[in-house]
Amino acid sequence: MQYDQDKFTEFFADAPADIDMGALDMNRIPRHISCIMDGNGRWATARGLARTEGHKAGIVSLREIITAAVRLGVDVLSAYAFSTENWNRPKHEVAVLMHLFAKTFIDELPLLKRENVRVVFLGDISALPSRTREVFEYGLAECRDHTGMTLALAVNYGGRAELVRAARELARNVVSGTITADDIDEDAISAHLYTAGLPDPELVIRTSGEMRVSNYLLWQIAYAEFYITDTYWPDFDRWGLIRAILAFQGRDRRFGGLSAPAR
Ligand code: FPP
């Protein structure tokens, strides 16, 4: 995706001492960066605050990372906001998160409009509380004509559930005779995932030091590079993103071969 050199320079002025912005190769920015935003609760607890305060602080980080990704010319930024397993959290925390999701989407509409960000949801949003779902549908319609970076928000998302859904859809197509079993190949499966039409993540960032995939984009991350930082999500900022991209650019991506294929 095109990036605006002036806005880039302004946004990434005053780099911390450990970052050499000159080392960043703008021709090798990952097309799709995905964030597992972890550590909101621990961030809050460490400050004697309620866990929900961590989620509020996490939203501020997400806003910064959205803007940073646009400035870098990233095509797709995805973020894991709520998993199918997160329903098991205390009722109050789930309710606050659902409220925050709706409020955030409305509050951030000016940013999404200004930056021409297209929004898609990954996951079953039909199962969300009606108010959250309605706000999401309203926000999606407001962003429908945007043509810039895609922001893919995983809400009520589970990688296994996504694969089950794709398998069922494909099975139904076989039963109805639209396709044969032999038509089911990797492209067919990709086309039945929530991420249909999006490139696979090249870089997955997980904050708070956890070394897990947590049922996230199981199919799509087959060849993704992982970057794990101990920083809690609310403390993750534009410089954290640059550190992750520099680490990515230092990797030798072989895709099962002997050397990185030419891009
Ligand atoms: C993980 O921290 C974070 C979440 C479960 C929620 C993150 C959501 C946002 C930042 C807002 C997303 C906004 C929209 C519009 C969808 P955790 O609670 O698992 O932290 P812990 O591991 O320290 O407990």
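The values are calculated or read from the model by the stated rules, or taken from the named source; none is laboratory data. If you're wondering where the values come from, they're calculated on a predicted model, not measured in any experiment. Using ideal geometry, Cβ is built from the backbone for each residue, glycine included, and neighbour counts are taken over all protein chains shown. Ligands, DNA and RNA are excluded from the accessible area calculation, which covers all protein heavy atoms including side chains. Shrake-Rupley method; radii C 1.70, N 1.55, O 1.52, S 1.80 Å.
Listing for the model above:
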quantity	calculated
Test: residue in the stretch 69-76 that is in contact with a helix residue (DSSP H, G or I) (Cβ under 9 Å, 6 or more places away or on another chain), within 13 Å of the ligand (Cβ to nearest atom) and open to solvent by less than 40 Å² (accessible area, probe 1.4 Å)	no
In the stretch 1-35, the residues that are in contact with an Asp or Glu (Cβ under 8 Å, 6 or more places away or on another chain) and under 30 Å from residue 96 (Cα atoms)	32, 33
Filter result (farther than 15 Å from residue 53 by Cβ, touching a helix residue (DSSP H, G or I) at 6+ places or on another chain (Cβ under 8 Å) and more than 8 Å from the ligand (Cβ to nearest atom)) within the stretch 90-101	94, 98
The stretch 218-240, subset of a type in the set (A, V, I, L, M) and in contact with a Leu (Cβ under 8 Å, 6 or more places away or on another chain), residue least open to solvent (accessible area, probe 1.4 Å)	224
From the options 212, 251, 172, residue that is of a type in the set (Lys, Arg) and in contact (Cβ under 8 Å) with a residue 12 or more places away in the chain	251
Count - residues of the stretch 119-163 that are open to solvent by 30 Å² or more (accessible area, probe 1.4 Å) and either under 15 Å from residue 85 (Cβ atoms) or outside any helix (DSSP H, G or I) (or both)	9
Any helices (runs of 4 or more DSSP H) falling wholly within the stretch 1-109 and containing at least 3 residues that are of a type in the set (A, V, I, L, M)	51-72, 91-107
Extreme residue, farthest from residue 157 (Cα to Cα), among residues of the stretch 102-118 that are within 12 Å of the ligand (Cβ to nearest atom) and surrounded by fewer than 18 Cβ atoms within 10 Å (Cβ to Cβ)	111
Verdict on residue 214 being open to solvent by less than 40 Å² (accessible area, probe 1.4 Å), small (Gly, Ala, Ser), within 23 Å of residue 61 (Cβ to Cβ) and in a loop (DSSP other than H, G, I, E, B)	no
Neighbours by Cβ (under 6 Å, 6+ apart or cross-chain): first from the stretch 229-246, under 15 Å from residue 208 (Cβ atoms); second outside any loop (DSSP other than H, G, I, E, B) and more than 15 Å from the ligand (Cβ to nearest atom)	244/227
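Residues checked against (1) within 21 Å of residue 84 (Cβ to Cβ); (2) not hydrophobic (A, V, I, L, M, F, W, C):
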{"residue": "183", "(1), (2)": "no, yes"}
{"residue": "196", "(1), (2)": "yes, no"}
{"residue": "207", "(1), (2)": "yes, yes"}
{"residue": "235", "(1), (2)": "no, yes"}
{"residue": "238", "(1), (2)": "no, yes"}
{"residue": "247", "(1), (2)": "no, no"}
{"residue": "255", "(1), (2)": "no, no"}
